[in-house]
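J.: The following block contains the structure, expressed as structure tokens.
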Amino acid sequence: MTAALDKGLLPWLAAAPTADTVPSGWLEAQRAQARARVETQGIPGNKAENWRYTSLTRLLAQGFVPTAESLTAVQREDLEDLLIPGLESYRVLMVNGRFMPGLSDLHDLPVGVRIAGLAALLKSDPDALQGRLNGVVGDAQPLFAALNTAGLDDGLVVLLERGARLERPIELIHLSVGMDEPRVAQPRHLIALGDGAQANLIERYLSLGDSLYCTNAVVEITLGRDALLTHQRIQAESARAFHLSGLYLRLGTASRYQGLNVGLGASWARTDLCVRFAGEHAECDLQGLYLAGDGQLMDFHLDVEHQLPQCTSRENFKGILYGKGRAVFDGLVRVVRDAQKTDAAMTNRNLLLCEGAEVDTKPQLQINADDVKCSHGTTVGQIDPEQLFYLRSRGISAARARRLLCLGFAGEILDALVPEALREQVTEQVGRLLEQAPLD
């Protein structure tokens, strides 16, 4: 470990609450604790197991500084090309990490559903989130989660009371707009579903223009008994962007979480998914698809711990790499001694389209119980030349043939996207990237 304050992260700690936020004692204490943790643990080097395959050098060299003011220049017409045709949703827009109520659409929320900006909620009710913020992340926060806690000043809060159900999805759009100097935004989102509640959350990370910036987002999710959350995250940021996100999930008894992550954009991207079971008979399904080319890095880290009996987890991630693209998949499933009847399966499959592409994949199981059903596996391969020849012999161009074969490989993940409007847009975006990929 090296000292964080000497390596480009000192400005990240300078973020202060917005004028709309009323500081409270518990929040300031959490900020101070997080800052102390950053200063103590320092920056992980390549000897740290969780960062063994991913260097922070390029990120630290950018000199990112916090976004100190809200950006008001974005208008509704700027969003037209970013919206998904035919998608009916409760829309939440965040620009450079700040909630924009004037550009959001939260009309006609059903009874028992509360959706609000983090800063606005802290202003109107400073103690409303005490016990919730950091309730899932905990005190032993990794570096970038601690940086988010120390520097957070806005985000989204979604609270569903017992039995509440949303018929339309919540669409959370993270929009980044370039500014005079490289900026870092650190939004913090809290999602809590009460017993029996159901919702569909769609997160989209987008940008206007080819700007240089950094997103360091943290999402904390708590599911009550029998709750169901479908959560889809699409990262399609600027080709110059840096992306960090940490998702921390706690599942109550018999709750279900269906998560799907798609990584397409950014120059350098790291996603951490941390799952803890807080009740028996809970189910967690994590799926993912990532594309990396043109010097991109896509890094997915999974930490799934089964602490209680009779819970189920599934992790299925696929990667397509081309050009000088590079990916990291590091997945760990831990089963503690008392977590009997655990059912867990982890797979990671990768398709390399060029010799210059690279993937480091490491699925792992740590099992301390004796009555479990657990498996893991990984594959790295290339397109079957016979399949490619078959399509080429029927007059299909090389680029088009490869696109079809790659979409077939990714189809298992893409077909799980809902609703149809989202699935169609993401599939088309993946197809365009594949057609533009170099052939060798």
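J.: Kindly establish whether residue 72 is more than 23 Å from the chain's Cα centre (by Cα), crowded, with 19+ Cβ neighbours inside 10 Å and at pLDDT below 90. So that I can check it myself, show each step before the final result.
T.: Working: more than 23 Å from the chain's Cα centre (by Cα): yes; crowded, with 19+ Cβ neighbours inside 10 Å: no; at pLDDT below 90: yes.
So residue 72 fails the test.
J.: Also, I was wondering about something else. Being assigned to a helix (DSSP H, G or I) and out of contact with any Gly (no Cβ under 9 Å at 6 or more places or on another chain) is the filter; apply it to segment 43-61 and report the residue that is farthest from residue 13 (Cα to Cα). Spell out the reasoning first.
T.: Narrowing segment 43-61 to residues assigned to a helix (DSSP H, G or I): 49-51, 57-60.
From what is left, the residues that are out of contact with any Gly (no Cβ under 9 Å at 6 or more places or on another chain) are 49-50, 57-58.
Values: 49: 25, 50: 23, 57: 18, 58: 19 Å.
Checked segment 43-61; the qualifying residue farthest from residue 13 (Cα to Cα) is 49.
J.: Filter segment 1-54 for residues that are among the aliphatic types (A, V, I, L, M), farther than 26 Å from residue 122 by Cβ and modelled with pLDDT of 80 or more and give the result.
T.: Matches in segment 1-54: 43, 48.
J.: While we're here: Within segment 326-347, is there a residue that is in contact with a helix residue (DSSP H, G or I) (Cβ under 8 Å, 6 or more places away or on another chain) and among the polar types (S, T, N, Q)? Spell out the reasoning first.
T.: Step one: list which residues in segment 326-347 are in contact with a helix residue (DSSP H, G or I) (Cβ under 8 Å, 6 or more places away or on another chain), which gives 330.
Still in the list and also among the polar types (S, T, N, Q): none.
No: zero hits.
J.: Now, a different point. Which numbered condition trips up residue 84, out of (1) open to solvent by 20 Å² or more (accessible area, probe 1.4 Å); (2) under 23 Å from the mean Cα position of the chain (by Cα); (3) over 28 Å from residue 27 (Cβ atoms)?
T.: (1)
J.: Any residue at all in segment 428-438 that is in contact (Cβ under 8 Å) with a residue 12 or more places away in the chain, in a helix (DSSP H, G or I), polar (S, T, N, Q) and under 29 Å from residue 314 (Cβ atoms)? Spell out how you get there, then give the answer.
T.: So in segment 428-438, the residues in contact (Cβ under 8 Å) with a residue 12 or more places away in the chain come out as 429-431, 433-435, 437-438.
Filter once more, so that each one left must be in a helix (DSSP H, G or I): 429-431, 433-435.
Checking the rest, the ones that are also polar (S, T, N, Q) come to 429.
Next, from what is left, pick out any that are under 29 Å from residue 314 (Cβ atoms): 429.
So far as segment 428-438 goes, yes, one or more of its residues are in contact (Cβ under 8 Å) with a residue 12 or more places away in the chain, in a helix (DSSP H, G or I), polar (S, T, N, Q) and under 29 Å from residue 314 (Cβ atoms).
J.: Output the number of residues of segment 161-198 satisfying the condition of being over 26 Å from residue 67 (Cα atoms), touching a Ser or Thr at 6+ places or on another chain (Cβ under 8 Å) and crowded, with 24+ Cβ neighbours inside 10 Å. Steps first, answer last, please.
T.: Taking segment 161-198 as the starting set, the residues that turn out to be over 26 Å from residue 67 (Cα atoms) are 161-169, 192-198.
Applying the additional criterion that residues be touching a Ser or Thr at 6+ places or on another chain (Cβ under 8 Å) yields 168-169, 192-193.
Checking which are crowded, with 24+ Cβ neighbours inside 10 Å leaves us with 193.
Qualifying residue count for the region: 1.
J.: Suppose we keep only residues that are under 25 Å from residue 418 (Cα atoms) and free of Cβ contacts under 8 Å to residues at least 60 places away in the same chain within segment 162-192. Which one would you say is nearest to the chain's Cα centre (by Cα)?
T.: Applying the filter and picking the extreme gives 191.
J.: Answer yes if at least one residue in segment 206-226 is modelled with pLDDT of 95 or more, open to solvent by 10 Å² or more (accessible area, probe 1.4 Å), aliphatic (A, V, I, L, M) and not in a loop (DSSP other than H, G, I, E, B), and no otherwise.
T.: yes
J.: Can you tell me how many residues in segment 289-315 are closer than 18 Å to residue 248 by Cα and either in contact with a helix residue (DSSP H, G or I) (Cβ under 8 Å, 6 or more places away or on another chain) or of a type in the set (Val, Ile, Thr) (or both)? Explain how you work it out, then say what you get.
T.: Just the residues of segment 289-315 that are closer than 18 Å to residue 248 by Cα, to begin with: 299-308, 311-315.
Keeping just the survivors that are either in contact with a helix residue (DSSP H, G or I) (Cβ under 8 Å, 6 or more places away or on another chain) or of a type in the set (Val, Ile, Thr) (or both) gives 301, 304, 312.
Selection size over segment 289-315: 3.
J.: Among the residues of segment 47-62 satisfying the criterion of being among the polar types (S, T, N, Q) and under 15 Å from residue 301 (Cα atoms), which is most open to solvent (accessible area, probe 1.4 Å)? Walk me through how you get there before you give the answer.
T.: Step one: list which residues in segment 47-62 are among the polar types (S, T, N, Q), which gives 50, 54-55, 57, 62.
So of that shortlist, the ones also under 15 Å from residue 301 (Cα atoms) come out as 50, 54-55.
Details: 50: 92, 54: 8, 55: 69 Å².
Across segment 47-62, the extreme among qualifying residues is 50.
J.: Can I ask one more? When residue 412 is evaluated against the numbered criteria (1) of a type in the set (D, E, K, R); (2) modelled with pLDDT of 95 or more; (3) within 18 Å of residue 293 (Cβ to Cβ), which criterion, by number, is the only one it fails?
T.: Here residue 412 clears every test but (3).
J.: Can you pull out the residues in segment 235-244 that are open to solvent by 10 Å² or more (accessible area, probe 1.4 Å) and of a type in the set (A, V, I, L, M)? Don't jump to the end; show me each part of the working.
T.: So in segment 235-244, the residues open to solvent by 10 Å² or more (accessible area, probe 1.4 Å) come out as 235-237, 239-240.
Correct list: 236, 239.
J.: Six or more apart or on different chains, Cβ under 8 Å: which pairs go from a residue in segment 216-228 that's under 23 Å from residue 185 (Cα atoms) and of a type in the set (A, V, I, L, M, F, W, C) to one that's open to solvent by less than 10 Å² (accessible area, probe 1.4 Å) and not in a strand (DSSP E or B)? Could you list them?
T.: Pairs found: 217/148; 217/187; 218/145; 218/148; 218/149; 218/152; 218/187.
The values are calculated or read from the model by the stated rules, or taken from the named source; none is laboratory data. A quick note: this is a predicted structure, and the numbers were derived from the prediction, not measured. Heads up, the Cβs are rebuilt from the backbone with ideal geometry, glycines too, and the neighbour counts pull from every protein chain shown. The accessibility values were calculated without ligands, DNA or RNA, using every heavy atom of the protein model including side chains. Shrake-Rupley method; radii C 1.70, N 1.55, O 1.52, S 1.80 Å.
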